[in-house]
Amino acid sequence: MKVLTIPVFIEMALVMLLGAVDTVMLSRYSDNSVAAVGLDNQLISLVFLVYQFFSMGAAILCAQYIGAGLRKRLVQVVGMALVVNLVLGLVVSALLFFYAEQLLQLMGLRPELMDDGLVYLRLTGALSFFQALSLTFSASLRSADKVIYPMVVTGIVNIINIFGNYALIFGRWGCPQMGVEGAAIATAASRAVSMLLLGAIHFKVHIPRFPLSYFRPLPWQELKNLLHIGIPAMSENISYSLSQVVITYFINQISNEALAARTYCFNVIMFVFLFCLSITQGGDILVGHLVGQRRHQAAYVLGNYFYRWSMIITLTGSAILAFSGHTILSAFTDNQEIIAMGVWVFVVDLFLEIGRTSNIFAGSTLRATGDIVYPFVVGVIFQWSIAVGLSYFIGIPLGYGLVGMWIGFALDENIRGVILVRRWRSGKWRTKGFVRDHDIKR
């Protein structure tokens, strides 16, 4: 477990740190810039989920094909995922650049925050196609147990981003003081470096070439498998991110302080559920290999082991946040209204993480086995009825503000978590894999 989960944990921590660094450094610039960038990053996160459409499908298929010893099909899947993600990334990047203002107006960004929000979204959005390729390279490497390489690359990229932010936000080492624009330039440049390094490593240690003979004729079955995984998985994640965009719109209507508090709290909380994400992703590689070998009982036992440890570690971290919220938030801001809201958010989040851990484990592991559609249907229903509808009702009409909305989030995560864990324990996923007995290399 440690060989996979520790590098995945470090990589994901560093990926999250890439966005959090902007928040921390901009908090020394102004709370308004933090609020604007926080709303921008809601949209950027949604875009990255679109890019995960094919990379997520490729990762699941690669894990099962590696377990079954199907090398040619592995190369076909990765090749198609790279081409499609490149085209998709270029189209989406162009849309983000040319329609940035309309998108931010649609999200309800306040006029006093528009200048900062616009410059950050245009710069990071226009170069976001680098992330589309990075996600595919990284997913392919992880599925082959080569998790150390994405971790190292992400570490290098974070160092570049930190120094770039420091120089360009505050005008150090002879650079101009650019504020939010400087943060955007540093972040976009860091993602470009990440793509170049991951691509070079991928060709060196995993798949050195993509023979044209593998794609003549086009392997339609592999494309069909990618779509079968990618469309429901992407749709569920996009649904979740869109629901978060709508919720952020509601929070923006409360006050600038509520939006800033949400940004600060989320950037801290994500390092708590990161433990669950990393353990689950590391476990899913092994679960995918076992499913590819048709060893379903072993996959079930291993999945439960990862679930147990995810819950223990995540709840321990969340409890620490609940007891030390005031101290943590005081390091970001001296605005007492923001701190007071954030402290109560951390308390409610302790209950929320119970459901989120179950959700992350069961949803991701079911997808790794090939059970794709069920998590999507459950997610869409409850994300919009509970996470959006109920949180809005509690937070705005009932007047409980940001804390009330967090209670709604907690109810959504816990209800979905119970349903998805029951699905995992039912064993219905055992018939959903993409490798059949006759495919396995003996």
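The values are calculated or read from the model by the stated rules, or taken from the named source; none is laboratory data. In this text, all values refer to a predicted model and were calculated from it rather than measured experimentally. Cβ sites come from the backbone with ideal geometry, for glycine too, and all protein chains shown count toward neighbours. These accessible areas exclude ligands, DNA and RNA; they are computed on the full protein's heavy atoms, side chains included. Shrake-Rupley method; radii C 1.70, N 1.55, O 1.52, S 1.80 Å.
Data table
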item: Test: K204 is surrounded by fewer than 14 Cβ atoms within 10 Å (Cβ to Cβ), of a type in the set (D, E, K, R) and within 23 Å of A63 (Cβ to Cβ); result: yes
item: Helices (runs of 4 or more DSSP H) lying entirely in the range 76-169 (those with 2 or more residues that are open to solvent by 70 Å² or more (accessible area, probe 1.4 Å)); result: 100-106, 114-126
item: Tally of residues being under 19 Å from I247 (Cα atoms) and modelled with pLDDT of 75 or more across the range 42-73; result: 4
item: Filtered residue count, the range 377-398, keeping only those that are open to solvent by less than 20 Å² (accessible area, probe 1.4 Å) and either free of Cβ contacts under 8 Å to residues at least 60 places away in the same chain or among the β-branched types (V, I, T) (or both); result: 2
item: Check on E222, crowded, with 20+ Cβ neighbours inside 10 Å, among the acidic types (D, E), at pLDDT below 85 and over 30 Å from G108 (Cα atoms); result: yes
item: Among (1) farther than 24 Å from G404 by Cα; (2) at pLDDT 75 or above; (3) open to solvent by less than 10 Å² (accessible area, probe 1.4 Å); (4) not acidic (D, E) - the single one Y264 does not satisfy; result: (1)
item: Answer from A299, A258 - the residue that is at pLDDT 80 or above, more than 18 Å from R367 (Cβ to Cβ) and surrounded by 22 or more Cβ atoms within 10 Å (Cβ to Cβ); result: A258
item: Selected residue (criterion: farthest from Y240 (Cα to Cα)) from residues of the range 346-376 that are open to solvent by 10 Å² or more (accessible area, probe 1.4 Å) and more than 19 Å from the chain's Cα centre (by Cα); result: V347
item: Residue that is closer than 30 Å to I156 by Cα and crowded, with 22+ Cβ neighbours inside 10 Å, where the choices are G292, G199, G179, G288; result: G288
item: Residue match in the range 208-217 (condition: open to solvent by less than 20 Å² (accessible area, probe 1.4 Å) and in contact with a helix residue (DSSP H, G or I) (Cβ under 6 Å, 6 or more places away or on another chain)); result: no
item: Residue tally, condition open to solvent by less than 40 Å² (accessible area, probe 1.4 Å) and over 19 Å from S255 (Cα atoms), over the range 329-345; result: 0
